[in-house]
Structure formats: structure tokens, C-alpha cells
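As C-alpha cells, the structure follows; a few thoughts come after it.
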């Protein structure tokens, strides 16, 4: 705003300009915290052999180092999102960061298998508190459509590339320090995140707190535990195993009961209006299907590089680097420019087909393939497609959400991504094992050929999941979703006092 007098001009810096500057610092803090949560799903994968040798646990126990984290994280996300809505997202954000760092130190100091599993479980618990708060802060901070597209481009790049960065960082730390530093490194993220939150994230305004939906919390938490554990059991014991069947059936029944409960309670854990919206539902389906493909790709490509091509831990980690770079390029440079013009439908469909083509390129892998000639092109194309999907889907999934529902919406995004990843890992692992067994019976016991065939079958299934992103999720999302999001953002009232986590202008 400016005021002119007869002899001179007095200028006051517009409040929105200062506010905008502050918002980008908030994004930096949120991104750092989100990176810690996302990369921890994969950073320990490369460290597992060293941890196993050091602590002396058996091969059949190894998967619990990964499963303990995903079980706690995936099943408690909705509760974490609602706690942020109730007690202030800045508060739960910082508590989640501090707890996540403490659990990481506990894991790094572990002297037994049980201690390490307990630490990974606690990481998942505090990650479930942290992740929805981070996305909710982003949702309530960026309301302008153009800035929102750029912010979600950055956030989507972090969410999409975090798993690959975890593989890279895990390889570097394991190669040059110790597997324990794959856990200690989270303290660095936490310290930076907490200091940043104290300096730039606005404090919460106290308002009326609705009661916590205890029945909804119990049903969705136990239901998601059952589903995630059931898929984990399928990976180890097969789909016909009694534990697999019971856990999956009980999990699905409890999730159905959760939906019934949420439609009738006064203060639902997940207001059904959040997921009933067609655009938001399509975006959540896209995020889940990308999780199915992405986690499977990381798992089997890691095996291919290390076991078939003989790469070291560091070489394997470095080999993934082009993929996060491609995701970042698409999410931060392409999506922010195209999303306001063409809408999410076009980007989700284009990204799905592009990523599917990229994963299909992994079918060219052979025993004597080169990384530059075979793996590199597939990583680049896949990364570009996933960058388009993830950033536009996350933006769409949180557009037009009321401030009081922002935590639940953020938790939904993380839940779909995590459950999709768990399903993808278990499903593709089971498909891979079956393909290897069948091939061994038909090729005279050639183990190398059978394993390579198993990789190809898993990659083909991952590519199919991404085609479904284009067909199903792209079909659900409205062509004019961004225009509607603009209208929603433009009509959101500015309550007084400032709402929880809303950006605060600095007066000069």
C-alpha cells in the first residue's frame, strides 16, 4: 500500500509481500522434516546386511526392521492428523520431530534385535504425528493458487524423491561410516526443523477443541494394522496362509466399520466430506497407485543393481540419483507452470502414461546390461512421470479443504501413499517369488535366468499400476479441478483471530 503527498511519496511494504517471504521459509522447514520421514522408509534397506551381521539376527527376522516402521506409521496417520487439528499443528509438528529424533538415536544405540525393532516402531509412531502436520501446515499456509502450485511442486518433489534419496544416503553412510548413522542422521533433520519451526512457523490460536473420536481411532488403527500386516504376511507366507487371510479380512471389515462410524459420530476422525469429493478421491487413488509402483521399483531395482550387476552399496545409491532429479524437475519446473493452465486431469493422465513407459523400459534389463544404456533412460522417464503425478495429486487432494480439516486431509494423503507402498512391496514380492519358482521349473534350474525373469514380471506389474493411474485416477479427477480450487481458495474467509497455522504478516 502507498500514500502520496504533494512533495514526496511514503511507501509501506505490503503485508502480503512480507507474508509471502515468510511462507517460503515455512516451506523450507516443512520440506526438511518431510524428507526425514520419507527417506526413513528406504534408508535402512541398504544398511540391513551390516545391521544383521552386527546384531546377529536371522534372515526371517530381517523384514521386521522395515515392517515395524510401516505398521506404526501407516496405521496411526489419521490419528496423527486429527491430533494436529485438535492441539495445534505447530505443536504436533515439533513433538513429532523431537520424538522421531529420539527414536532414531535409540535405534542407532541398539545392541539387540528387539531394541532396534522397538526403535523403528517408535519412529513410525512419531512419523505419523509429524507427517500430517507438515502437509496441513503447507495446506493452510499457501492459499494463492500460483504460489500453492509452486509450493506443492517442491513438496511433491521431496515426497516423490525421498525414497531414492534414502537409498543414496544409506549407501553413502553404510559405505563410509556405519549402519547406525543411517539412524543418527535424523537428528540433524530434527534440530534444523525444530529451530526453523520456532523461528518462522506461526503459533497456534487457541480455539474450541472437539472431542477425539475414540471409536473411529480404534477401528481405523487396528484395521490398517491388519491390512499392512496381512500384506506383509503374504510376502513371507503366501496368500493362502491362514494368518494372511484372517488379517486381511479383519482389516477390511474394521475399515468398513470405521466408515460406518464416521458417518454417524459428531466429531469424526476423518470427516467423510474430505474423501467424497471426486477430485480429491481421484488424487488419493493416484497417490496410492504410485506408492504401489514406486516402492516395488526401488526394491527390485536395488536387488538387480547389487546382486545381478554386482554394484556396491555406494554405487547402488548413486545409481538412483537421476530419478529424484527427474522427479524434482517435473514437480518444481513443469507442474507449477502447467497445473493452473491445463488442470490436474491432464497432468495425472500424462504422468501416469509417461511413468508406465519408464517402468516398462526396465524390461530391457539383462545380466550383462550397462547402467548408462539400460537403467539410466528408464530412471529419467519414470521420474518425470512420477513428478507430474505426485505434485499435481497432492495439490488436488488438499485443495479447498477447510482449515479445521487440513490435518485429516494431510493424513489421508500420507495414508494412501504408505498403504500403497506396503501393498506394492508385498504384492510385487509375492508375484516375483511365484515367477522365479515357475521359471526354475521350466528352465532346468537356471537361477540367474529365473531371478531376472522375476524382476521383469514385477516391473511389468508396476507399469500396469501406473497405467491404472492414468485410466482410473485420471478419469475420476475433474478437468477443471484447478479452476474450482481457485474459487475455493478465493472464497475462504479470513477468520479472526488468526486460525491455527495460518500465515502471519509482519508489520514494519
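Suppose the chain between residue 144 and residue 178 were pulled fully straight at 0.36 nm per residue; how much longer would it get relative to their current alpha carbon spacing? Walk me through the numbers on the way to the answer.
Values: separation 34, 0.36 × 34 = 12.24 nm, distance 4.47 nm.
The span from residue 144 to residue 178 would gain 7.8 nm if fully extended.
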### For the chain, calculated [θ]222 nm from helices alone, where every DSSP H run of n ≥ 4 adds -39500 (n - 2.57)
-25000 deg cm²/dmol
### Query
From Cα coordinates alone, what are the radius of gyration and Dmax values for the range 68-107 in angstrom?
10.9, 30
### Query
Normalised by the number of residues in the chain, what is the relative contact order in percent for Cα pairs under 8 Å and 6+ residues apart?
24
### Message
7 Å from Cα along Cα→Cβ at both residue 478 and residue 118: what's the point-to-point distance in nm?
### Response
5.1
### Query
Roughly what angle does helix 242-262 make with the longest principal axis of the chain, taking Cα atoms, 0 to 90 degrees, to the nearest 10?
10
### Query
Could you give the nm distance between label points at residue 333 and residue 58, where each point is 7 Å from its Cα heading toward the beta carbon?
5.1
### Task
Calculate, for residue 376 and residue 246, the FRET efficiency according to 1/(1 + (r/R0)^6) with r their C-beta to C-beta distance and R0 45 Å; round to the nearest 0.05.
0.55
### Message
Over all directions, how big on average is the projection of the convex hull of the alpha-carbon atoms in the range 213-268, in square nanometres?
### Response
3.3
### Query
What ranking do 471, 199, 97, 301 get, fewest neighbouring Cβ atoms within 10 angstrom at the top?
199, 471, 301, 97
#### Entry: Estimated FRET transfer efficiency when R0 is 60 angstrom, pair residue 187-residue 443 (beta carbons, to 0.05)
0.75
#### Entry: Zone of residue 307's modelled label, taken as backbone nitrogen in the range 36-65 under 11 Å from a point 7 Å along Cα→Cβ
none
### Task
Have a look at the range 349-457 and give its Rg and Dmax from the Cα atoms, expressed in angstrom.
18.5, 62
### Summary
Rounded to the nearest 10 degrees, the helix 447-468 long axis (Cα) sits at an angle to the longest Cα principal axis of the chain of 30
### Query
Over its Cα atoms, what ratio of radius of gyration to 2.2 N^0.38 Å does the range 268-363 give?
1.35
### Task
Based on other C-beta atoms within 10 Å, arrange 413, 95, 367 from fewest to most.
367, 95, 413
### Query
Can you give the three extents of the C-alpha atoms in the range 109-268 along their principal axes, from longest to shortest, in whole Å?
49, 49, 30
### Query
With the contact rule set at Cα under 8 Å and sequence spacing of 6 or more, what percent relative contact order holds for the range 213-268?
45
### Query
Roughly how many nanometres apart are two label points built 7 Å out from the Cα toward the Cβ at residue 364 and residue 212?
5.3
#### Entry: Descending principal axes extents, the chain, alpha-carbon based, whole Å
93, 47, 45
### Task
Provide 392, 70 in ascending order of the number of other Cβ atoms located within 10 Å of each residue's Cβ, fewest first.
70, 392
### Query
Taking only Cα atoms, what is the 0 to 90° angle, nearest 10, from helix 376-398's long axis to the longest principal axis of the chain?
40
### Task
For the range 410-463, just run the numbers: alpha carbon Rg, then divide by 2.2 N^0.38 Å, N being how many residues it has.
1.45
## Note on the structure
Within the range 291-319, the residues whose backbone N lies under 11 Å from a label point placed 7 Å from the Cα of residue 50 along the Cα-to-Cβ direction are 313-314
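Readers should treat all values here as calculations from the given coordinates under stated rules, not as data from a laboratory. The shown structure was predicted, so the numbers you read here are calculated from the model rather than taken from an experiment. Neighbour counts are summed over all protein chains in view; Cβ atoms, including those assigned to glycine, are modelled from backbone coordinates with ideal geometry.
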